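A.B. asks: Just dropping this structure here.
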Amino acid sequence: MRGCALLLAACLLLSAHAARAAEGDATPGQGINRLGAADGWDAYADTVKGAKICYLIGKPSKSEPASAKRAAVFASVTHRPSEKRFYEVSFTSGYLFKEGSSAELAVDGKKFSLFTNKDGAWTQDAATDKAVAEAMAKGRQAIITGTSARGTATTDTYALDGFGKALAEIDKACAVKR
């Protein structure tokens with residue numbers, strides 16, 4: 001259970017970094033190095049406590065309902081080579097998920113169940129992380145559905161045209177071989 005708490009804390013820290021980058025607040029001198037961008041997906045490398053972290057982030061091309069008030073909404077994939085963790089997939093919803101709920105991700109129709117905690121959704125294990133990242137790299141569209149703590153059903157649609165290129169950038173920066 002302690003490992004889960006540490007993983008959650010690390011994911012929340014990354015979410016803060018990714019949110020800053022997604023909102024354009026990543027500036028030179030903060031340790032974040034922008035590797036490149038492709039069709040709505042941005043790739044970054046950072047060093048935290050001497051350990052290199054490479055990640056990509058992208059915003060949805062469409063969020064429904066459009067009238068829902070939400071904070072930053074984005075997807076990310078992270079490599080943490082010093083911890084031997086790769087292809088960690090996460091989605092930030094911009095609202096608190098309904099407690100005990102799950103989110104569903106469909107990549108070109110292939111479905112994945114994600115667990116939720118606060119405003120984030122993740123896969124259950126490393127093997128599913130890699131499967132999701134590979135599906136997204138080859139796919140055209142990813143759709144994630146979830147339910148807010150207030151009961152609002154939401155759908156975020158991500159165009160995947162630049163995902164594969166951004167993934168290749170972080171693979172190269174963190175020396176990850178697929």
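A.B. asks: Could you list, in sequence order, all residues of the range 144-178 that are in contact with a Leu (Cβ under 7 Å, 6 or more places away or on another chain) and surrounded by 18 or more Cβ atoms within 10 Å (Cβ to Cβ)?
C.D. replies: Taking the range 144-178 and keeping what is in contact with a Leu (Cβ under 7 Å, 6 or more places away or on another chain), we get 144, 148-149, 166-167, 169-170, 173.
Ile144, Ser148, Ala166, Leu167, Glu169, Ile170, Ala173, listed by residue number.
A.B. asks: Name, by its number, the condition in (1) part of a strand (DSSP E or B); (2) within 15 Å of the chain's Cα centre (by Cα) that does not hold for Thr154.
C.D. replies: Failed condition: (2).
A.B. asks: Got a sec? Which of Ile32, Ile57 is among the β-branched types (Val, Ile, Thr), at pLDDT below 95 and buried (at least 17 other Cβ atoms within 10 Å of the Cβ)?
C.D. replies: Numbers: Ile57 fails: at pLDDT below 95.
Result: Ile32 is the single residue among Ile32, Ile57 that is among the β-branched types (Val, Ile, Thr), at pLDDT below 95 and buried (at least 17 other Cβ atoms within 10 Å of the Cβ).
A.B. asks: Would you mind stating whether Phe86 is closer than 26 Å to Asp171 by Cβ, of a type outside the set (Ser, Thr, Tyr) and under 17 Å from the mean Cα position of the chain (by Cα)? Give the steps one after another, and end with the answer.
C.D. replies: On the way: closer than 26 Å to Asp171 by Cβ: yes; of a type outside the set (Ser, Thr, Tyr): yes; under 17 Å from the mean Cα position of the chain (by Cα): yes.
Criteria met by Phe86.
A.B. asks: Ok, one more. Checking Val89 against (1) surrounded by fewer than 17 Cβ atoms within 10 Å (Cβ to Cβ); (2) modelled with pLDDT of 95 or more, which single condition isn't satisfied?
C.D. replies: (1)
A.B. asks: Out of the residues in the range 49-76 meeting the condition of being in a strand (DSSP E or B) and polar (S, T, N, Q), tell me which one is farthest from Asp161 (Cα to Cα). First the steps, then the outcome.
C.D. replies: Start the filter on the range 49-76 by keeping residues that are in a strand (DSSP E or B), which leaves 51-58, 62-64, 74-76.
Checking the rest, the ones that are also polar (S, T, N, Q) come to 63, 76.
Numbers: Ser63: 18, Ser76: 15 Å.
For the range 49-76, the residue satisfying everything is Ser63.
A.B. asks: Of the numbered conditions (1) in contact (Cβ under 8 Å) with a residue 40 or more places away in the chain; (2) in a strand (DSSP E or B), Asp46 satisfies every one except a single condition; which is it?
C.D. replies: (1)
A.B. asks: Does the range 77-95 hold any residues that are among the polar types (S, T, N, Q) and in a loop (DSSP other than H, G, I, E, B), and which are they?
C.D. replies: The one that is among the polar types (S, T, N, Q) and in a loop (DSSP other than H, G, I, E, B): Ser93.
A.B. asks: Determine if the range 120-134 includes at least one residue that is more than 22 Å from Glu169 (Cβ to Cβ), assigned to a loop (DSSP other than H, G, I, E, B), touching a residue at least 60 places away in the same chain (Cβ under 8 Å) and within 12 Å of the chain's Cα centre (by Cα).
C.D. replies: For the range 120-134, residues more than 22 Å from Glu169 (Cβ to Cβ), assigned to a loop (DSSP other than H, G, I, E, B), touching a residue at least 60 places away in the same chain (Cβ under 8 Å) and within 12 Å of the chain's Cα centre (by Cα): absent.
The values are calculated or read from the model by the stated rules, or taken from the named source; none is laboratory data. No experiment lies behind these values; they were computed from the predicted model shown. Cβ sites come from the backbone with ideal geometry, for glycine too, and all protein chains shown count toward neighbours.
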